[in-house]
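Accompanying notes for the structure given below.
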Amino acid sequence: MKAKAKLWLVNDEDKPTIGAGKAELLESIRKEGSLNRACRKVKISYKHAWLLLREIEESVGEPVIIKKRGGKAQGTFLTERAINLLEEYNAYQNILAQTVYDKTFWEVIGLKISARNQMKGRITEIEKEGLIAKIKIAVEPSTITAVITKEAADSLGIKKDDKVLAVVKATEVMIGKE
């Protein structure tokens, strides 16, 4: 048995804005600089691509592409809003991939951890900046730093002097609160 998940972003009215297909189209437009070439790359018709782009534009309330004609700078390009939307989708997709598709995620939910490198420690410092939190953990005789999302740090409710379990998996340091 394995887990599968689909991700899409929704607007303020909870209407779908972008999912895997639309994200693939936007990414292809960004790379190709041409709607025609992007359509061939993602194997959809030009008309279908326009319908998808119109759906995105109606959902976000502004254009997502710019068409330039003539000269060397001609082509189809993403607007700043489309680039931000695509980056937001990709960020959520990466988070999804790091959790749902990571087999150890399911083990942690069951309170079983396969990682052998588990060290008890105490939080000595928490530095939150943007989306990231750097957590310094005193693990005698030294200190290690875990870089996790700010959301994860907030969700754990960790604070200075909390006793935690540092779980080291390859190059990652995860935190489990006792």
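Residue-wise test of (1) within 23 Å of the chain's Cα centre (by Cα); (2) within 21 Å of Q93 (Cα to Cα); (3) hydroxyl-bearing (S, T, Y).
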| position | (1), (2), (3) |
| --- | --- |
| W8 | yes, yes, no |
| K22 | yes, yes, no |
| G33 | no, no, no |
| S45 | no, no, yes |
| L51 | no, no, no |
| A73 | no, no, no |
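Residues that are over 21 Å from C39 (Cα atoms) and either hydroxyl-bearing (S, T, Y) or not in a helix (DSSP H, G or I) (or both) within segment 73-99 comprise Y92, T99, listed in sequence order. For segment 83-101, the condition of being within 30 Å of A152 (Cβ to Cβ), crowded, with 18+ Cβ neighbours inside 10 Å, of a type in the set (G, A, S) and not assigned by TED's automatic domain parsing to the domain that holds I148 holds for none of the residues. Looking across segment 10-20, just one residue is part of a loop (DSSP other than H, G, I, E, B) and either of a type in the set (V, I, T) or under 16 Å from the mean Cα position of the chain (by Cα) (or both), and that is G19. R54 falls short on exactly one of the conditions (1) modelled with pLDDT of 85 or more; (2) exposed (fewer than 12 other Cβ atoms within 10 Å of the Cβ); (3) not in a helix (DSSP H, G or I), and that condition is (3).
Criterion applied to K112, K136 was being over 18 Å from the mean Cα position of the chain (by Cα), modelled with pLDDT under 85 and either on the phi < 0 side of the Ramachandran plot or assigned by TED's automatic domain parsing to the domain that holds R30 (or both), and the one residue passing it is K112.
The values are calculated or read from the model by the stated rules, or taken from the named source; none is laboratory data. Bear in mind the structure is a predicted one, so any value in this text is a computation, not a measurement. No Cβ is skipped: glycine too gets one built from the backbone with ideal geometry, and neighbour counts run over all protein chains shown.
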